[in-house]
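Presented below is the structure to which this report refers.
The values are calculated or read from the model by the stated rules, or taken from the named source; none is laboratory data. Every value quoted in this text rests on a predicted model; they were computed, and no experiment measured them. Using ideal geometry, Cβ is built from the backbone for each residue, glycine included, and neighbour counts are taken over all protein chains shown.
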Amino acid sequence: MRVLSKVWRYGLAIISCGLALALAVPLDSPSSCFFLAVMVSSFYGGKGPGVLSILLSSLAFDYFFLPPKYHLWIQPWSYPRFAAFLGSVLLIAVVIEAKRRVEEARRQIDAKYRQVSADALAQAQASEARLRLIIDSIPVPAWSGRADGATDFVNQRWLDYTGIAAEQALGWGWKVVSHPDDLDANAEYWRSVLASPGEDRELEGRLRRFDGTYRWFLFRVCPLRDESGRVVQFYGTCIDIEDRKRAADALRASELNFRLIVDSIPGLLCTNTAAGEVELVNKTLLNYTGKPLEELKHWSVVVHPGDLPAVTGLWSRSVATGHPFNVEVRIRRADGAYRWFHCRGLPSRDVEGRIVRWYNLLTDVEERINAEEALRASEHHLRLMTETIPALVWRTTPDGEIDYVNRRVLEYTGKPLGDFANNGWLQLLHPDDVDSTIRIWRQNTQTGEPHQVTYRLRRADGAYRWFDVRGEPLRDNEGRVVQWYGICIDVEDRRRTEEALRNTQERLSVASQVATVGELAASIAHEVNQPLTAVVSNGNACLRWLSAQPPNLAKALEAAERIVRDGKDAGEVVRRIRALFKRAAHEEVPLDLNEVIGEVLRLLQGETVKRRVTIETDLRQDLPAVTGDRVQLQQLILNLLLNGIEAMDPVMDRPRRLFIRSKRESDDTVLVEIRDSGLGLKDPDTVFDAFFTTKENGMGMGLAICRSIVQAHNGRLWAASGEGSGATFCFTLPLQLSPVS
């Protein structure tokens, strides 16, 4: 469209010039015609077409009307005429262009004015809607009234609170929601407002809520004046002060209660002005110092002379800078004694940040000061003890870096503290202990579990000694590890002693077994004698059958077979006894625990008969197999059964019963219970101690050996006195054992 418009405007210039030329020739009035063409082109086409029409008109005027005609050059005497023509057309074009621009500017101004008017009207309408929304949304009831005080508008909050219609509230209808006792005060208030509308006035009154409840409100009125100063409108708000009035009542009661608290608090309280002068003290401070308030305004009289310069300087600095006042000072009591107090002072500031008052609390810290002095002495004593304790003491950071060792560590290793940093202490470990120690220490520092390990540590002379190392983490209130503390105890001598003790215990175990053989000599003889007697009898029978006439070979063969069977029985008895008491290597195999119990019971059959002991059993047939050493478990059960049998020797007034039970205690353990009817146990916890015995000729090793056997099988052994009489020994064994140590 712009291209077409441009073509049309320039075409208009050409057409206008052509028509002007056509009219100028017959009319012989070229100037007027060309002036008209320039006017039309400039007015309707604009500046570009106007310039084109000037150019065309000037060429046509020179070519057709100035001598020599039909030539484009001009004779000198025609210059004034051509200049006048050219100046005229240029003036016409300039005037018309100026007029066009003025008209265009006017049109733009009119359009802009119309747009601005429309926008202003829309904004005014939107502003009025927003204003009404704001007035209806403000969190207080609001209203407006005429110059005579009659209400002409109430906002939505007012209507929602009172629950009445807007028409009912207009005028003076709002009185229906005013408390009857407040009507006279309201009338007087309005008379004063109308009489002196220029003064700010407030009134407290009660308004009825939609549910019939009255609440206190603060009424505020603001007049709107015209240019002459006359009141044309009143605007007012009703601010709910029900909670404030209740709070004020509570505040008055609280102030009284606060005064009682301040006077009863077990501390010295005082307030000071912004300049630092004593303003008020509580009764506790008066009673402590024995001085009135006037004397305490010169508080230096009760401060210890040795503390006065420092306290005065700190207090002056706090008053000048506003920094909290914090000091420990000795204050003289009424009887003249001085006690330590911690004085803490904080400034109270107004909304602009200016200090208006100081509040100071003096807390008696005499006991704390004494305790701190005792603590410092204790810390000094503890350091001396740490340095002199006969062990190697160390401390590390949470990630395991050593930052302290006591003097004994330095003397033992011959190294300075710096050599222990960056895991330098690992260079002092025996090469065989480094990997296991690092693994355990890293695991403990990551999990926070107590550290326990045993390793060999190189002494300054190059010798290695065994140490038992224990470490415990120190945690903060949130459970994070902040330090590790540990101790290394030299166990070289103990390990050697334990090794000697193990050898001694092993020899004592053999001696106990030999003693058991002696005690069971009669039973063993009976066990062996029975099959041997049967062998002799069956041998004699075989001889008789063979010497008969004719020989009875069938009977002789039967007697010979019985001889073989009885000989095997005798060999089995000897094998069981030999296996029980020989020193053989430990062997782990799956075992039927009931079968092991049965083997021991057969071995003790003669002993139980001789001592008139009745054996009762309750052995679960579905008992799972356990993994263990048959000989050791036989010795365990044998010792416990013999212990129960011997415990019943003094019993004469009741039957001697020995009860044996086996059952599955849990999913992974088996329980064996042996209960006798003897005299019982006075202290079941000590019977397993080595060399403890209740027998006249006992060694005190039987039950200790039993405990060692059970522990070696990862089980548990305990004893208890019976409810009526006798004692009960129980032990548990796991169904699947870890490797036995």
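Table: residues versus (1) without any contact (Cβ under 8 Å) to a residue 40 or more places away in the chain; (2) within 28 Å of Arg383 (Cβ to Cβ); (3) in a helix (DSSP H, G or I).
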| site | (1), (2), (3) |
| --- | --- |
| Leu426 | yes, yes, yes |
| Asp433 | yes, no, yes |
| Thr445 | no, yes, yes |
| Gln452 | yes, yes, no |
| Leu457 | no, yes, no |
| Arg465 | yes, yes, no |
| Asp468 | yes, yes, no |
| Glu472 | yes, yes, no |
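The conditions of being of a type in the set (S, T, N, Q) and buried (at least 16 other Cβ atoms within 10 Å of the Cβ) are not met by Ser378. In summary, no strands (runs of 3 or more DSSP E) completely within region 138-212 bear 3 or more residues that are on the phi > 0 side of the Ramachandran plot. A count restricted to region 269-290 and to residues that are part of a loop (DSSP other than H, G, I, E, B) and either free of Cβ contacts under 8 Å to residues at least 40 places away in the same chain or outside the structural domain of Arg344 (by TED's automatic domain parsing) (or both) stands at 2. Taking every residue in region 207-235 that is free of Cβ contacts under 8 Å to residues at least 24 places away in the same chain and under 17 Å from Ala195 (Cβ atoms) and pairing it with any residue that is of a type in the set (Phe, Trp, Tyr) and outside any loop (DSSP other than H, G, I, E, B), at least 6 positions away or on another chain, the pairs with Cβ-Cβ distances below 9 Å are Cys222/Phe234; Cys222/Tyr235. Per the listing Glu242, Glu279, the residue uniquely out of contact with any Gly (no Cβ under 6 Å at 6 or more places or on another chain) and farther than 26 Å from Asp350 by Cβ is Glu242. As a summary of the residue check, Pro266 satisfies the conditions (1) assigned to a helix (DSSP H, G or I); (2) exposed (fewer than 12 other Cβ atoms within 10 Å of the Cβ); (3) at pLDDT below 90 except for the one numbered (1). Residues in region 452-480 that are more than 20 Å from Arg495 (Cα to Cα) and surrounded by 18 or more Cβ atoms within 10 Å (Cβ to Cβ): Gly471, Pro473.
In region 340-351 there is at least one residue matching the filter, namely being among the polar types (S, T, N, Q), under 19 Å from Leu280 (Cβ atoms) and touching a Lys or Arg at 6+ places or on another chain (Cβ under 8 Å). Restricting region 216-263 to residues that are touching a helix residue (DSSP H, G or I) at 6+ places or on another chain (Cβ under 6 Å) and surrounded by 16 or more Cβ atoms within 10 Å (Cβ to Cβ), the residue that is farthest from Ala142 (Cα to Cα) is Trp216. Residues that are of a type in the set (Gly, Ala, Ser) and either closer than 20 Å to Ala712 by Cα or surrounded by fewer than 21 Cβ atoms within 10 Å (Cβ to Cβ) (or both) within region 621-661 comprise Ala625, Gly628, listed in sequence order.
In this entry, Cys542 passes the filter for residues that are buried (at least 17 other Cβ atoms within 10 Å of the Cβ), at pLDDT 70 or above and assigned to a helix (DSSP H, G or I).
Restricting to region 605-620, and then to whatever is of a type outside the set (Lys, Arg) and touching a strand residue (DSSP E or B) at 6+ places or on another chain (Cβ under 8 Å), can you tell me which residue is surrounded by the most Cβ atoms within 10 Å (Cβ to Cβ)? Talk me through it step by step, then tell me what you get.
To start, the set of residues in region 605-620 that are of a type outside the set (Lys, Arg) comprises 605-609, 613-619.
After this cut, where a residue has to be touching a strand residue (DSSP E or B) at 6+ places or on another chain (Cβ under 8 Å) as well, the list is 608, 613-619.
Values: Thr608: 17, Val613: 22, Thr614: 11, Ile615: 15, Glu616: 10, Thr617: 13, Asp618: 10, Leu619: 15.
Among them, the one singled out is Val613.
Quick check on region 67-83. Is at least one of its residues of a type in the set (Lys, Arg) and loosely packed, with under 10 Cβ neighbours inside 10 Å? Scanning region 67-83, I find at least one residue that is of a type in the set (Lys, Arg) and loosely packed, with under 10 Cβ neighbours inside 10 Å, so the answer is yes. Among the numbered conditions (1) within 55 Å of the chain's Cα centre (by Cα); (2) assigned by TED's automatic domain parsing to the domain that holds Trp143, the only one that Ser254 does not meet is (2). Checked against the criterion of being assigned to a helix (DSSP H, G or I), closer than 21 Å to Arg100 by Cα, modelled with pLDDT of 80 or more and of a type outside the set (Gly, Ala, Ser), region 17-31 contains one or more residues that satisfy it. For Ala274, the test of being modelled with pLDDT of 80 or more and over 30 Å from Gly322 (Cα atoms) is failed. If the condition is being more than 17 Å from Gly276 (Cα to Cα) and of a type in the set (Asp, Glu), then region 313-353 contributes Glu328, Asp335, Glu352. Tell me, please, whether a residue that is part of a strand (DSSP E or B) and in contact with a strand residue (DSSP E or B) (Cβ under 9 Å, 6 or more places away or on another chain) can be found in region 405-415. Yes: region 405-415 contains one or more residues that are part of a strand (DSSP E or B) and in contact with a strand residue (DSSP E or B) (Cβ under 9 Å, 6 or more places away or on another chain). Test Leu623 against the stated conditions and say whether it is of a type outside the set (S, T, N, Q), closer than 21 Å to Ile709 by Cβ, modelled with pLDDT of 85 or more and in the same structural domain as Ser708 (by TED's automatic domain parsing). Criteria met by Leu623.
Might you check whether a residue that is under 13 Å from Thr162 (Cα atoms) and touching a strand residue (DSSP E or B) at 6+ places or on another chain (Cβ under 6 Å) occurs anywhere in region 226-239?
Yes, region 226-239 has at least one match.
Here is a yes/no grid of residues against (1) modelled with pLDDT of 90 or more; (2) at negative phi; (3) of a type outside the set (A, V, I, L, M, F, W, C); (4) in contact with a strand residue (DSSP E or B) (Cβ under 7 Å, 6 or more places away or on another chain):
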residue: Asp461; (1), (2), (3), (4): yes, yes, yes, no
residue: Phe467; (1), (2), (3), (4): yes, yes, no, yes
residue: Arg496; (1), (2), (3), (4): no, yes, yes, no
residue: Glu499; (1), (2), (3), (4): no, yes, yes, no
